[in-house]
Amino acid sequence: MPKIYIIDVTNRDGVQTAKLGLSKLEKTIINIYLNEMGVFQSEFGFPTTRHESRYLQANLELAEMGVLQPIRLGGWVRATVRDVETAFKLVPNIRHLNLSISTSDQMIRGKFQGKKTRDDIINDMVEAVDAARAFGAESIGVNTEDASRTGL
């Protein structure tokens, strides 16, 4: 029988919603509830931001203690070597990362103003995956944040 793995992004995307701001404790409670519900992974925040590093480390400690088990806790970073390095510097025990890339022509033109091509973006992602592996990441997801606007 096939399995379905649910990856929840409430603690990453939900906090970007207008008029919604979750405290670190509220985000931790959400992780506890997601774990109790059997969610496979919580994309629990941004390991490159200093103000989240203690919250992320505390949740990883809860996982080590068995409080947040079996849920996996994954961090969202841009698909760049610099972001991967920063993530492991600020949250050294993080083991699951989601690397985000922009692949649509619209995003490449808007974000990079002609300074990068799609091949450059893909190369950055490959280098970021290699860096994450070198730092000991156990799982690495790659997503295109604008997939609906990206051709096959």
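The values are calculated or read from the model by the stated rules, or taken from the named source; none is laboratory data. Bear in mind that the values here come from a model prediction, so they are computed numbers and not experimental data. FYI the Cβ positions are ideal-geometry reconstructions off the backbone, even for glycines, and counts take in every protein chain you see. Heavy atoms of the whole protein, side chains included, go into the accessibility calculation; ligands, DNA and RNA do not. Shrake-Rupley method; radii C 1.70, N 1.55, O 1.52, S 1.80 Å.
Here are some notes:
- Single unsatisfied condition, residue 27 versus (1) open to solvent by 10 Å² or more (accessible area, probe 1.4 Å); (2) part of a helix (DSSP H, G or I); (3) of a type in the set (Lys, Arg): (1)
- Being modelled with pLDDT of 95 or more, within 18 Å of the chain's Cα centre (by Cα), part of a strand (DSSP E or B) and small (Gly, Ala, Ser) is true of residue 74.
- Apart from one condition, residue 6 fits all of (1) touching a helix residue (DSSP H, G or I) at 6+ places or on another chain (Cβ under 9 Å); (2) open to solvent by 70 Å² or more (accessible area, probe 1.4 Å); (3) at pLDDT 95 or above; (4) farther than 22 Å from residue 135 by Cβ; the exception is (3).
- Looking only at the stretch 56-71, and only at residues there that are open to solvent by 20 Å² or more (accessible area, probe 1.4 Å) and touching a helix residue (DSSP H, G or I) at 6+ places or on another chain (Cβ under 8 Å), the one that is farthest from residue 24 (Cα to Cα): 70
- The one condition in (1) more than 14 Å from the chain's Cα centre (by Cα); (2) open to solvent by 10 Å² or more (accessible area, probe 1.4 Å) that residue 98 fails to fulfil: (1)
- Summed over the stretch 31-51, the residues that are among the hydroxyl-bearing types (Ser, Thr, Tyr) and open to solvent by less than 10 Å² (accessible area, probe 1.4 Å) give a count of 1.
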